[in-house]
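Okay, structure first, notes after.
The values are calculated or read from the model by the stated rules, or taken from the named source; none is laboratory data. As the structure is a computational prediction, the values presented were derived from the model and not from experiment. Here the Cβ positions follow ideal geometry from the backbone for every residue, glycine too, while neighbour counts run over all protein chains shown.
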Amino acid sequence: MKNFTYGRASSVEEVIEQANRDRNAMYIAGGTNLVDRMKAFLDEPSQLLDISRLEMQSIERTQDGGLRIDALVTNTDLANNANVRRDYPLLSRAILAGASQQIRNMATVGGNLMQRTRCAYYYDTAFACNKRQPGTGCPAINGINRIHAILGASDRCVAVNPSDMSVALAALDATVEVQGEQGQRDIPFVDFHRLPGDTPERDTNLEPGELITAVVLPPMAFAQSGVYLKLRDRASYAFALVSVAAAVELSGDQISTARIALGGVAHKPWRASEAEAFLQGQTPNQSTFEQAADIALQEAQPLAYNAFKVDLSRRAIRRALAVSSRGGGIA
Ligand code: SF4
């Protein structure tokens, strides 16, 4: 690990100013991913700006009945918040499906959004990696790519986003509040993370120096029927091979609205918008859910070792939609 300086921020404005004076500075809160990356020589900041003591630990009702979640709320506090458990149970379940209790106690909402891929080639500096060092190549494309992307990848990078929480937030139409030199702006959650394209080194659409201050959930009554289904190699402390956040709203015997987001399959949480559109007005039955799952995966392009993810995703979508259409619960 290279030497760096450390300082505690006393206000959002002050820390943003510090970050803009030194483009090699990095924010740190829980540090559950960043410290690992520093130890592996993946990130070598000149200074760490500790934001963990800023007053950003609240979860509050918005005027329209949604929730505003400060960026420094821990994953544990968010998962156990009474309003989240009642109104957005898929978010609570997604968080509890991730990491370990100890990590969730430290990890923050903002940090969860900023965690980087767990591609083994990215973490091993003996290998080239376009994300770590642009232009050097991607050994995963023709390597051991069992955990890698089947949707939205490029010839520069086939990594997947590892976050469970972000899959739920994508399905729930969340918005990310960020603050930078130019003031505050809101980013729709589906536009926060990026596909790799020609710039796999960029995971998000944050501008240099911008700080995540909150995540806002809109009111969504049918989110109470929401489901988070995570499929992985072992039952705990493992990243998703495939995950699905889904919620279905029924009107009589028809589906009026649906939300589907996939994890473990792309460089960002993957919102299945075409499948959602198809579901509107359909009768909630096995055939409908099979067609929706086929639509969601129609553009999948598996690699040598991860073709199993295509069928796994289809089955996970069918199951999540079926459980949500029956009122939700554990899928
Ligand atoms: Fe690097 Fe992305 Fe290739 Fe992994 S998939 S080696 S992160 S460029």
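Residue check, Met1 against (1) surrounded by fewer than 12 Cβ atoms within 10 Å (Cβ to Cβ); (2) farther than 21 Å from Ala126 by Cβ; (3) touching a Phe, Trp or Tyr at 6+ places or on another chain (Cβ under 9 Å), all met but one. Which one?
Only one criterion is unmet by Met1, namely (2).
Please tell me if Arg319 is outside any loop (DSSP other than H, G, I, E, B) and surrounded by fewer than 19 Cβ atoms within 10 Å (Cβ to Cβ).
For Arg319, the condition - outside any loop (DSSP other than H, G, I, E, B) and surrounded by fewer than 19 Cβ atoms within 10 Å (Cβ to Cβ) - is met.
Give the residue, chosen from Ile141, Ile212, Ile187, that is within 26 Å of Asp294 (Cα to Cα) and either among the hydrophobic types (A, V, I, L, M, F, W, C) or not in a loop (DSSP other than H, G, I, E, B) (or both).
Checking each option against the conditions leaves just Ile141.
Out of Ala168, Ala153, report the one residue that is within 12 Å of the ligand (Cβ to nearest atom) and either farther than 24 Å from Tyr27 by Cα or without any contact (Cβ under 8 Å) to a residue 60 or more places away in the chain (or both).
Testing whether each residue is within 12 Å of the ligand (Cβ to nearest atom) and either farther than 24 Å from Tyr27 by Cα or without any contact (Cβ under 8 Å) to a residue 60 or more places away in the chain (or both) leaves just Ala153.
Do we have Ala245 as small (Gly, Ala, Ser) and buried (at least 17 other Cβ atoms within 10 Å of the Cβ) here?
Yes.
Which one of these does Ala82 not meet: (1) of a type in the set (A, V, I, L, M); (2) farther than 26 Å from Arg234 by Cβ; (3) buried (at least 21 other Cβ atoms within 10 Å of the Cβ)?
Unmet for Ala82, out of (1) of a type in the set (A, V, I, L, M); (2) farther than 26 Å from Arg234 by Cβ; (3) buried (at least 21 other Cβ atoms within 10 Å of the Cβ): (3).
How many residues, within region 104-131, are in a loop (DSSP other than H, G, I, E, B), touching a residue at least 12 places away in the same chain (Cβ under 8 Å), more than 30 Å from Ile69 (Cβ to Cβ) and near the ligand (Cβ under 6 Å from one of its atoms)?
Selection size over region 104-131: 1.
From the list Arg53, Arg68, Arg104, Arg61, pick out the single residue that is closer than 21 Å to Ile212 by Cβ and either in contact with a helix residue (DSSP H, G or I) (Cβ under 7 Å, 6 or more places away or on another chain) or at pLDDT below 95 (or both).
Arg104
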